[in-house]
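Below is one structure, written out as structure tokens, with a few remarks after it.
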Amino acid sequence: MHARGIVDLFAGPGGLDVAATWLKIPVIGIELDGNACATREAAGLGTERGDVRAWGPGDFPDANVLAAGPPCQTYTVAGSGTGRQDLNNVLNSAKRMANGEDVSADLEKLSDPRTALVLEPLRWVLKARDAGRPYDAIILEQVPSVRPVWAVMDEILTGLGYSVAHNVLRTEQYGVPQTRRRAVLIARRIDGGADKVTLPKPTHHPYRKGVPRPEESEGIKSWVAMGEVLKRPRPFVVISNYGTGGDPKARGERKSTEPSATVTGKISRNRVLEADGTVSRFDSAESGLLQTFPRDYPWEGSDIPQQIGNAIPPLLAAHVIVAAVGEGADILENLKAEKLPLWSETTAIKIQHSGRGRDTA
């Protein structure tokens, strides 16, 4: 298929949009948070600031690919957990939406309104289908605990004529210098004869704490270490609140010769300890690099660590986009976390949109 353009819901500071730009695919993002929008504006990304519920597919007629990374706070272990508690209601609502029922009243009863946002991509898919302009490809990304929702989405999308694949992907297996697990769903419409979709194949070995770093074998490379990307002059150890099991004194420690632990909005609190006792913190550029944003990405607004932690790693997003749309593999082959292209040398390609700013098909 040919990706004419991507509309990215809950676009954040631009993780997926950076990937689309590398792949030379036009993209526009919808984002409500003012800080993330400030970063997007500085980066030159096409952006509509607002609630995705106020828009619809008809407002972005040039986009034939839908992407979404709904807010995950109510589904994460570190968050409120209300999304997991309301999971059955969410799953039932998804099935009823696919049957044409109005579930808005039921969703309003959820204990946290953010929980229902995971179904917003489905609303866009159904409205596009009803308008006779179904999306050619769909990309969804969230925390692993949302997998039951993706399973129901798989069932619904398969019934709508899509080939669907979903699973939990480990970011270090795609060259990201960080261990992070994300539930990813990709779908491609096959009623036009397109090939069936599969998740991107890992390019790197998984990281196993305490296990020696594997050598490249059968075309699979070793995972990428923090030090190879950050290029600090001396080795270091990151002391954080991450990690479980083992020696409590070693919990939450990663060496510069290992991938980073999961980058969250608290990454600025991590201590970076060098052998001589020097203690520092990761700055915004370094935190972004661990997520595979370009070193010169123009972070703006307040709460930049939270922006960075909330984003999908662009390098992972690039692998997922290529798998979903079936193009761009030649560009992806040259993208490496150790030497990402500078953003100042990259031009974002924006899709055209109607500018109506209301929920229409």
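The values are calculated or read from the model by the stated rules, or taken from the named source; none is laboratory data. From a predicted model like this one, the values you see are computed outputs, not experimental measurements. Cβ atoms come from the backbone with ideal geometry, glycine included; neighbour counts cover every protein chain shown.
Quick notes on this structure:
- Qualifying positions in the range 178-202 - touching a residue at least 60 places away in the same chain (Cβ under 8 Å), more than 15 Å from the chain's Cα centre (by Cα) and over 17 Å from PRO134 (Cα atoms): THR198
- Checked against (1) of a type outside the set (Phe, Trp, Tyr); (2) more than 18 Å from ALA318 (Cβ to Cβ); (3) touching a Pro at 6+ places or on another chain (Cβ under 8 Å), ASP195 passes all but a single condition, namely (3).
- Every listed requirement among (1) in contact with a helix residue (DSSP H, G or I) (Cβ under 6 Å, 6 or more places away or on another chain); (2) surrounded by 22 or more Cβ atoms within 10 Å (Cβ to Cβ); (3) over 20 Å from MET226 (Cβ atoms); (4) of a type outside the set (Phe, Trp, Tyr) is met by ILE308 save one, (3).
- If the condition is being under 21 Å from GLY12 (Cα atoms), buried (at least 19 other Cβ atoms within 10 Å of the Cβ) and in contact with a strand residue (DSSP E or B) (Cβ under 9 Å, 6 or more places away or on another chain), then the range 262-281 contributes VAL263, ILE267.
- Checking ASP86 against (1) among the acidic types (Asp, Glu); (2) within 30 Å of ASP62 (Cα to Cα); (3) crowded, with 19+ Cβ neighbours inside 10 Å, the condition it does not meet: (2)
- The residues on offer are ALA285, ALA329, and the sole one that is without any contact (Cβ under 8 Å) to a residue 24 or more places away in the chain, of a type outside the set (Ser, Thr, Tyr), surrounded by fewer than 21 Cβ atoms within 10 Å (Cβ to Cβ) and farther than 30 Å from PRO235 by Cα is ALA329.
- Unmet criterion (only one of (1) polar (S, T, N, Q); (2) more than 30 Å from VAL229 (Cα to Cα); (3) touching a His at 6+ places or on another chain (Cβ under 6 Å)) for THR115: (3)
- In the range 25-70, counting only strands (runs of 3 or more DSSP E) that sit wholly within it, the ones holding 2 or more residues that are modelled with pLDDT of 95 or more and closer than 18 Å to LEU140 by Cβ span 27-31, 65-68.
- Residue selected from the range 129-153 under the condition acidic (Asp, Glu) and crowded, with 18+ Cβ neighbours inside 10 Å, by the criterion farthest from ARG254 (Cα to Cα): ASP136
- With respect to the conditions (1) out of contact with any Lys or Arg (no Cβ under 7 Å at 6 or more places or on another chain); (2) more than 24 Å from GLY15 (Cα to Cα); (3) in a helix (DSSP H, G or I), GLY100 lacks only one, and its number is (3).
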